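Right, one structure below, let's go through it.
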Amino acid sequence: MIDPKYADLPGIAYDQPDIYETDDTLEGQGNQDYIEDDGNSVEKIYVNPTDAFNQFKDKRVNTKDVDFSDTISSKKKTGYNVSGKELYCRDEDETPVERYERLKQEIHELIDQVNNAKENPKENEELKALTDIVHQIEITGKELDDMNINKLLNGNSITNLTNYQEIRFKELTSQIEIFKQKNSIESSAPSKEASVTSQDGAKVGTLKYQMTYYPDKAKVQDIARISHLEKRLGYLENVIGISNESNTKCSQILKSQGITKSIEKLMANACLLNSAQLDILENKVTSLINKMDSVIQKKAMTAQDSRHEKVVTELYDLVKQSEHCVQILPQTIDRMLSLSALHRKAAEFANQLKELEDLKQNISGSLTNNKILLEEMQTNFTGNLEIIAKDITALNDRVKKLQK
């Protein structure tokens, strides 16, 4: 509803929606830079990719019969089933150890499946006759557990079974070396017979071999080697530490001397921390501290006498400057002694001259005063003479009047 006081204003479009224009960009269109929070309340966790890969290696998640609902039922609630071993396909070649692990895992899964079927007889009525099968499965599982392939096969046999490709490669290289040695012996001894061919067409004294290469397995083996190397590298980084600063003392020592030299230097420094060496170092440190305290006290005492030291330095500089005048100094002293009487008389004459000047000033002052008094007397006499003349004239006039 429009306010009545704005109803009749011109320039307002009542049939159009309100539009508010601004020069700012929209929130979605602007470039919003992500600012990482470096506060103390944020905990930064370092995740090593190699450790994470090794943690989840050969793991799989079974999502069958997963139920996270809140419904009430007789069926047991199950979540994700995580198994630690990976099941191989039938087409792939399995080693005895891998087959043993696969069978063990399948038996455990079969036991879990039968137990779930026993808990739900209404849904799975056809599985009620599996009680005998469960007993046989448990016997088979016990036989597998009692087999304990680790005891039947020693460590070398297990490694041979797991690393089949590497063992075959080593056997091939050893056979090639033996064949090379045989060829060198046969070539050194002269043979009169011609070369004889075998039934399969190959010459006698030659080696025929066939190599099969699986790219997928080689790729997996390369990834396993790389992950093993990354694991070892991560362990070394955890032991030694990671530092990107190249100006530290430790990095400079490692660049110049190497790890072994640095370790030897650290061991030599650590040997100094023995109990016998520590007593010697403690005595040396205490003596050094006492000497430093005495030096500080002496320095403080000299700071108090800085004024006397300044005067002494000035006198010393003056003596240094007057060293070239030392030869003429006795003659100068004799001359000054001979001129002392003259200086004394000159001083007396100066004193007398000063007294004379003082007397002159006194006389000139008295003369000026007398001159002033004389002028005043002259003015007084002139005034008195004029008064007397006036009185005489007045007296003469009166006498003349009386005579008439």
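What follows draws every value from the coordinates through simple rules; no lab data is involved. In this text the structure is predicted, and so the values were computed from the model without any measurement. Heads up, the Cβs are rebuilt from the backbone with ideal geometry, glycines too, and the neighbour counts pull from every protein chain shown.
Brief remarks follow.
- Residue pairs exceeding 27 angstrom between C-alpha atoms, taken from K265/K299; K57/K104; K57/K219; K104/K217; K44/K219: K265/K299; K44/K219.
- Potential lengthening of the chain between L110 and L356 amounts to 73.7 nm, from the contour at 0.36 nm per residue minus the alpha-carbon distance.
- Label-to-label distance, nm, for residues given as Y46 and Q403 (7 Å Cα→Cβ offset): 15.5 nm
- Phi angles of region 315-321 translate, via the Karplus equation with coefficients 6.51, -1.76, 1.60 and θ = phi - 60°, into HN-Hα couplings of 5, 5, 5, 5, 5, 4, 5 Hz per residue; Gly and Pro are given as x.
- Considered as an equivalent ellipsoid built on the Cα gyration tensor, region 327-403 has semi-axes of 73, 7, 5 Å, the largest given first.
- Per-residue extension of 0.36 nm, minus the Cα-Cα distance of L342 and I392, leaves a gain of 10.7 nm for this segment.
- Taken along its principal axes, the alpha carbon cloud of region 282-345 reaches lengths of 77, 24, 13 Å, longest axis first.
- With 0.36 nm allotted per residue and the present C-alpha distance subtracted, the V66-V285 stretch has 71.5 nm of extension available.
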